[in-house]
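Contents: one structure, followed by commentary.
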Amino acid sequence: MEGACEENNASGALAERKRIIKENQGESAMKVLVVNCGSSSLKYQIIDSDTEKVEAKGLCERIGIDGRLTYQPTGGEKEVTEAPMPTHNEAISLVLEALVNPKTGVLKSLDEVEAIGHRVLHGGTKLTESRIVDDEVIAAIEEACDLGPLHNPANLMGIRACMQLMPGKPNVVVFDTSFGMTLPAYAYRYAIPTRFYDKYKVRRYGFHGTSHSFVSKETIKYLGLDKDNSKVIVCHLGNGASISAVQNGKCVDTSMGLTPLEGLIMGTRSGDVDPSILQYLCNHEGIDINQMLSILNHDSGVMALSNNLSSDFRDLEEAMNAGNEAAGLAIDAFAYRVAKYVGAYTAAMNGVDAIAFTGGIGENAGLVRKKVLERLGYLGISMDEEQNKKRGERFILSTKDSKVTVCVLPTNEELAICRETVALVQ
Ligand code: ADP
């Protein structure tokens, strides 16, 4: 109840602030600051919530080491400033200074910031949807640090810094895991003893949820599908890669698991492997489980299959064309795994209306899209070769007579966070 009361107070204060700003400026000028914190970095954008245009964006790097701020107003010059950032507080402070800088800032005052939207990796089982930050939410994010040890503590640092530096402004948290929380138990449970689920909540959570949610919603709009009668598969193929089955707007299966290691082959992550490999290699190589997990996260994937040539598909394609067989194998294995998951998720939904490609590879790598779709002829899919030359934009990739519509739809996680934030604070 206390939380609800605080939320009401926060939205009441917000409405009052909006009214004052509108009166002063004679127009709606509400902005959302979107923040995505890593342990030593912080990405940010200021988005106008009415036009959904990015007004400025940038990055703080080397937080806790020395500190570098990049700031770029839309249409303006990129500025890079070296400045000490012992903690996330100094980093956010410098971002706010840049945003209201009289010469290059995009805000007249911080009052224009309507709310702050934070990307948070793991919500655990308690935080199943986006929330306005209060003590209960902070405690639940802390509790989920165990499940997201690299990201959740950093996300919390960003939230606390914003609360301190912009007191009274509502902070909203958007979780990478939320979208996967609608999976049915038969999809999220691992077939291991129940006590591990009861005690430790070991289950499939799924990640990239903000992207899967955004792209599936946009695909439904773009293709004019009836949301309540739709079956969409989203292939988020970037350095980290995952795939989701979205039925009637709800995620019913997704390829990442307890952690982002499961599922597709990725840049440097193995994706699915036989768990016995871990014991076998630990015994033979004399390494411990932590070293083994580090290998599966950082030294595997297409990087490993290409004999450490690269994790970047631009390099792999160039090498393959020059006759490098390992690079060709890496691309084939990657595409094969994606196609296998599309088959599995078509079965999970007993059909599929649309497939969307997104992420750096999905949006740009025509070769990968072609190799995936070549394996899906049995679904009646046919690809338009001309369309497949396009990249980095929204377009339909399948031919008119294809039984399933395939599209490319660039993801926009920051806009998704902005929309969630606005929906909660208004
Ligand atoms: P992250 O998971 O880091 O957010 P991205 O979604 O930004 O990753 O994807 C980055 C990857 O996209 C690169 O490593 C590269 O493999 C791929 N990529 C980017 N541009 C191209 C391109 N023009 N052609 C082929 N692959 C590309």
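One equal scatterer on each Cα of the range 237-282, no solvent, Debye formula: the resulting log10 I(q)/I(0) at q = 0.13 Å⁻¹ is -0.36.
Its residues counted as N, the range 204-280 yields a C-alpha radius of gyration over 2.2 N^0.38 Å of 1.23.
Average projection, convex hull of the Cα set of the chain: 23.2 square nanometres. Averaging 1/r across all pairs of distinct Cα atoms in the range 63-186 and inverting the result yields a Kirkwood radius of 16.0 Å. Straight-line cross-link partners of Lys126 among the lysines, defined as a Cα under 28 Å from its Cα and at least 8 positions apart when in the same chain: Lys43, Lys169, Lys199, Lys201, Lys217, Lys227, Lys231, Lys250. Working from Cα positions, state the angle (0 to 90°, nearest 10) between the long axis of helix 289-298 and the longest principal axis of the chain. With both axes taken from Cα atoms, the answer is about 90 degrees.
Taking the Cα centre as origin and putting +1 on Lys and Arg beta-carbons and -1 on Asp and Glu beta-carbons, what dipole magnitude results for the range 287-412, to the nearest 20 debye?
Values: 13 positive and 16 negative charges, 89 e Å.
Charge dipole, the range 287-412, about its Cα centre: 420 debye, nearest 20.
Per residue, the chain exposes an accessible area of 47 Å² to a 1.4 Å probe, with every protein chain left in place. Would you mind telling me the share, in percent, of accessible area of the range 69-142 contributed by carbon and sulfur at probe 1.4 angstrom? Ligands and nucleic acids excluded, carbon and sulfur reach 50 percent. Charge dipole (Cα centre; +1 on Lys/Arg Cβ, -1 on Asp/Glu Cβ; no other charges) of the range 124-262 amounts to roughly 220 debye.
From the C-alpha gyration tensor of the range 298-423, pull out the three semi-axes of the equivalent ellipsoid (sqrt of 5λ each), sorted largest to smallest, in whole Å.
On the way: eigenvalues 127, 81, 46 Å².
The answer is 25, 20, 15 Å, longest axis first.
Grouping the Cα pair distances of the range 26-103 into 5 Å bins from zero gives a pair-distance distribution of 3, 16, 27, 24, 16, 8, 4, 1, 0 percent in increasing distance order.
Explain nothing, just the number: dipole magnitude of the chain about its Cα centre with +1 on each Lys and Arg Cβ and -1 on each Asp and Glu Cβ, in debye rounded to the nearest 20.
Working: 44 positive and 56 negative charges, 170 e Å.
Charge dipole of the chain: 820 debye, to the nearest 20.
With the charge dipole of the chain set up from +1 on Lys and Arg Cβ and -1 on Asp and Glu Cβ about the Cα centre, the Cα lying farthest toward the positive end among the listed residues Ser230, Leu329, Ser130 is that of Ser230.
What the phi angles of the range 130-145 give under the Karplus curve with 6.51, -1.76 and 1.60, with θ = phi - 60°, is a coupling list of 4, 9, 6, 5, 9, 4, 5, 5, 4, 4, 6, 5, 4, 4, 7, 4 Hz, glycine and proline written as x.
Derived scalar couplings between HN and Hα for the range 223-234 equal 8, x, 7, 8, 3, 6, 9, 10, 10, 10, 10, 9 Hz in order, rounded to whole Hz, by the Karplus curve 6.51 cos²θ - 1.76 cosθ + 1.60 (θ = phi - 60°), x for Gly and Pro.
Positive-end ranking of Ala416, Phe196, Tyr345 along the dipole of the chain, with charges on Cβ about the Cα centre, is headed by Tyr345. Say the dipole of the chain comes from +1 at the beta carbon of Lys and Arg and -1 at that of Asp and Glu; which of Ala187, Ala319, His118 then lies farthest toward its positive end? The one lying farthest along the dipole's positive direction is Ala187.
For the range 236-313, with all protein chains present and a 1.4 Å probe, just round the carbon and sulfur fraction of the accessible area to a whole percent. Kindly include the intermediate steps, with their values, before the conclusion.
Numbers: 1760 of 3530 Å².
The computed percentage sits at 50.
Our Cα-only numbers for the range 336-392 put the radius of gyration and Dmax at 11.3, 31 Å. Per residue of the chain, the DSSP helices (runs of n ≥ 4 H) give a summed -39500 (n - 2.57) that works out to -12500 deg cm²/dmol at 222 nm. Once you have a ≥ b ≥ c as the square roots of the Cα gyration tensor eigenvalues for the range 262-325, tell me rounded if a/c is under 1.5, and otherwise prolate or oblate according to whether a/b is larger than b/c. Prolate, because a/c is 1.5 or more and a/b exceeds b/c.
The values are calculated or read from the model by the stated rules, or taken from the named source; none is laboratory data. This is a predicted model, so every value here is computed, not measured. Cβ coordinates were reconstructed from backbone atoms using ideal geometry, including for glycine residues, and neighbour counts include every protein chain displayed. Each accessible area value is taken on the protein alone, full model and side chains, heavy atoms only, with ligands, DNA and RNA left out. Shrake-Rupley method; radii C 1.70, N 1.55, O 1.52, S 1.80 Å.
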